Amino acid sequence: MARIEEITLPRERPTPARWRFNATALLFMGPAMVLVLVFFIAPVIITFAMSFTDLATSTGLSNWQWIGPENYARIFRSQFWLPILGNTLVYVAVVLAFNVIVGLGVALLSVHMEPKAGGVFRALWLLPRISPSVVYALMWTWAAASPPFGMLNYVVAPFGLEPRYWIQSDPWLIVIFINGFVGASFGMLILTSAIKAIPEDLFRAAQVDGASALQVIRRITLPLIKWPILFVLVYQTMSLFASYEYIYLTTNGGPGLFATETWSLWAFHSALSNYYGNLEFAYGAALAAILVIMGLGISMVLLRVFRFGQLVAEPRVEVE
Amino acid sequence: MRVVLEQLTKKFGDVAAVRELDLEMRSGEFVALLGPSGCGKTTTLLMVAGIYRPTSGAILFGDRRVDHLHPKDRGIGMVFQSYALYPHMTVAENIGFPLELRRAIGKPERDQRVREAAGRVEIDDLLDRRPSQLSGGQQQRVALARALVKRPDILLLDEPLSNLDARLRHDMRGEIKRLQKEIGITSIFVTHDQLEALTMADRVAVMRNGRLQAYATPDELYARPRNRFVAEFIGTPPMNFFPAELGSRNGSVVARAEGIEVELTRAQLPRGEARQATMGVRPEHLSIVSPADGNVTGEVYVVEPMGREQIVDVQVGERRLRVIAPPGFTGRIGDRVGLRVAAERLHFFDPTSGERLS
Ligand SMILES: Nc1ncnc2c1ncn2[C@@H]1O[C@H](COP(=O)(O)OP(=O)(O)OP(=O)(O)O)[C@@H](O)[C@H]1O
Ligand SMILES: [Mg+2]
């Protein structure tokens, strides 16, 4: 009679079939893979490659040469790289905080309103996003125009503030508000739908359990939308690092020399809008490459801080 | 805690979900709100809980009016149909949540009461799990424990059994009833399942289209339904109905319907001078006999064996009557049979208003 210890279970063998070339799968994935390759991967590779050349208007497309890491060396020799990096970090951090906090606040307020009023309220916050960037930026430059014009001067007058030319006197304030208001709508949209996806009964149960409105938000709503909040944070970080259009359209990095210049605007100025008419594509590419690395690094830190792995392992919102 | 609803009304826009509901529950009583889907049961419960504000009317707990109070100040515990467990908290955190919100209760006492509540519903070994790691029945117990942990005066249950399988439902029916009696807590229980209402509740409030149809003990609802709706809604399979004429013979009142002629007992005598009536008889109060012995004859239409008994549909003239027959009944489709009516078990309703005549 066989003793229990003698029974050997058949060992699971590795299944080579799983790794075998699957033509059908490739056929289905092919088109998407081509798109990803052409529009996502190729530009990154080209940018990195270009950053090791001296490509510019002066060299043209035929006379450029490989120059190794000279562009990078030049960036860090520049007296501006540190202040601009500082500007960038301040810009991203403050606008990010504005975007996420205001977006979350608007989302929370609007879902607690009467449904129709909530919808109108959200639509108002969406206006900056759906109006063309140039129009939106122009509105801000008009609103912040120099005295005696500028709606902003009239708005703050009752608070005893002197009229001023805001873009000159407080450029950062304008940069933060113009980007903050337009960016808040993103968080608002994502977080509103996330909150609405939470089953109504959970809120009712919390009320019956004795929670006040604030306790419901803190103990039920926020933990259940942790994941969408993280998504908004990471996504906004990336897009803020890369965005420059509203700064370009208002202060254009000024006033003076690089007062509100951010890294992406620097790259843009170098590569595509140079004062001297010599567009230094390669130098801009090196700046952009650093930007990509910064964005990735910060996102990774954020994911770590929010313990991403644990978040996705956990069910997000579940009924029952 | 005594609960009184006075002329309670809730409108959503133009739709009146609950209309002029009057209901009184004695302290410690277990009351079921019973009715078909959409009749306003949940709406009523949510008004008692304080989640919906009544359009008009009053809610009293004891002698105190509570309709202006926030849910947290009403001293209620509630079990939701979806259980509404917080997915981001463990079982222990879920149960402890109502206590955690009260500053007055410290951590040691909280832990102790969580264990006690969990023990009551026999889930002590699940305290560290997340709701997603529990079966439906276990989730339901957690919801019960959470509702009871703060020792509320009133327990509200919204269809707590409808998400469970038949077997578990049966078990929980008994357990909830026992728990309710053990704690002696005034409880309101919403269900659309008449069997649940009849088996569990001390009194049953039958609702339809937002209105109260009847409020009585299960026995009374079954034996003397107040109107045709209640008669049809209570009891499975449902009562048979047919139009009858009331007349007199030798000084007593007789009812004639479909060739059946029965003398009414004193308890069945209609108030007033009704000549037309809807006669109702429950399937269990008809018996199948040989064609010669019945009050009426018919033809077997279909036989449904149910194990303990059989449900037999018998075609009588234009009408099909449901009869409960013992398992020994061997009739087959098409057989001629006689039906004997238990005359004292007949019910008579006004053909237009549907109100009970006697
Ligand atoms: N928030 C609401 N807004 C508008 N109408 C509602 C709302 N809640 C309920 N109603 C309506 O009120 C009526 C009663 O609803 P209620 O949820 O109380 O029914 P119920 O008896 O609990 O039904 P069920 O057995 O299906 O749960 C229904 O006609 C429903 O459509
Ligand atoms: Mg309901």
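The values are calculated or read from the model by the stated rules, or taken from the named source; none is laboratory data. Everything numeric in this text was worked out from a predicted model, so none of it was measured. We place every Cβ from the backbone using ideal geometry, glycine too, and count neighbours over all the protein chains shown. Just so you know, the surface numbers come from the protein's heavy atoms only, side chains and all, with ligands and any DNA or RNA stripped out. Shrake-Rupley method; radii C 1.70, N 1.55, O 1.52, S 1.80 Å.
Applying the selection to the stretch A:1-46, what residues are modelled with pLDDT of 55 or more, open to solvent by 90 Å² or more (accessible area, probe 1.4 Å), more than 30 Å from residue A:288 (Cβ to Cβ) and of a type in the set (A, V, I, L, M)? Scanning the stretch A:1-46 gives a single hit, A:27.
Of all the residues in the stretch B:114-150, those that are away from chain A (no Cβ under 14 Å) and of a type in the set (Lys, Arg) number 2. Report yes if residue A:289 is at pLDDT 80 or above and open to solvent by 40 Å² or more (accessible area, probe 1.4 Å), otherwise no. Judged against the criteria, residue A:289 is not a match.
Looking across the stretch B:41-83 at every residue that is β-branched (Val, Ile, Thr) and within 12 Å of chain A (Cβ to nearest Cβ), the one that is farthest from ligand 2 (Cβ to nearest atom) is identified as B:76.
When B:146, B:129, B:167, B:115 are checked against the criterion of being away from ligand 1 (no atom under 16 Å from the Cβ), open to solvent by less than 10 Å² (accessible area, probe 1.4 Å) and charged (D, E, K, R), B:146 stands alone in meeting it. Within the stretch B:19-40, being over 23 Å from residue B:181 (Cα atoms), within 12 Å of ligand 2 (Cβ to nearest atom) and open to solvent by less than 50 Å² (accessible area, probe 1.4 Å) holds for B:35, B:36, B:39, B:40. All conditions but one from (1) without any contact (Cβ under 8 Å) to a residue 12 or more places away in the chain; (2) in contact with a Pro (Cβ under 8 Å, 6 or more places away or on another chain); (3) aliphatic (A, V, I, L, M) apply to residue B:253; the one that does not is (1).
When residues in the stretch A:155-208 are screened for being outside any helix (DSSP H, G or I), away from chain B (no Cβ under 14 Å) and not charged (D, E, K, R), 4 of them pass.
Scanning the stretch B:121-131 for residues that are in a helix (DSSP H, G or I) and in contact with a Leu (Cβ under 9 Å, 6 or more places away or on another chain) yields B:126, B:131. Here residue A:211 meets the list (1) modelled with pLDDT under 90; (2) open to solvent by 40 Å² or more (accessible area, probe 1.4 Å); (3) within 14 Å of chain B (Cβ to nearest Cβ) almost entirely, failing just condition (2).
Okay, residues lined up against (1) in contact (Cβ under 8 Å) with a residue 24 or more places away in the chain; (2) touching a Phe, Trp or Tyr at 6+ places or on another chain (Cβ under 7 Å); (3) under 28 Å from residue B:229 (Cα atoms):
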site: B:288; (1), (2), (3): yes, yes, yes
site: B:298; (1), (2), (3): yes, no, yes
site: B:302; (1), (2), (3): yes, no, yes
site: B:308; (1), (2), (3): no, no, yes
site: B:313; (1), (2), (3): no, yes, yes
site: B:316; (1), (2), (3): yes, no, yes
site: B:323; (1), (2), (3): yes, no, yes
site: B:331; (1), (2), (3): yes, no, no
site: B:350; (1), (2), (3): yes, no, yes
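For the stretch B:332-356, which positions are closer than 16 Å to residue B:242 by Cα and surrounded by fewer than 20 Cβ atoms within 10 Å (Cβ to Cβ)? Once the filter is applied, which keeps residues that are closer than 16 Å to residue B:242 by Cα and surrounded by fewer than 20 Cβ atoms within 10 Å (Cβ to Cβ), the stretch B:332-356 yields B:340, B:342, B:343, B:345, B:350, B:351, B:352, B:353, B:354, B:355.
The numbered conditions (1) touching a residue at least 40 places away in the same chain (Cβ under 8 Å); (2) away from chain A (no Cβ under 14 Å); (3) near ligand 1 (Cβ under 8 Å from one of its atoms) are all true for residue B:15 except (1).
The residues of the stretch B:84-100 that are within 7 Å of another protein chain (Cβ to nearest Cβ) and either under 13 Å from residue B:150 (Cβ atoms) or buried (at least 24 other Cβ atoms within 10 Å of the Cβ) (or both), listed by number, are B:84, B:97, B:98. Can you say whether residue B:314 is under 30 Å from residue B:212 (Cα atoms), of a type in the set (Val, Ile, Thr), assigned to a strand (DSSP E or B) and at pLDDT 90 or above, as far as the supplied structure shows? Criteria not met by residue B:314.
Answer yes or no: is there a residue in the stretch A:240-251 that is under 17 Å from the mean Cα position of the chain (by Cα) and in a loop (DSSP other than H, G, I, E, B). Within the stretch A:240-251 (the criterion being under 17 Å from the mean Cα position of the chain (by Cα) and in a loop (DSSP other than H, G, I, E, B)), the answer is yes, since at least one residue qualifies.
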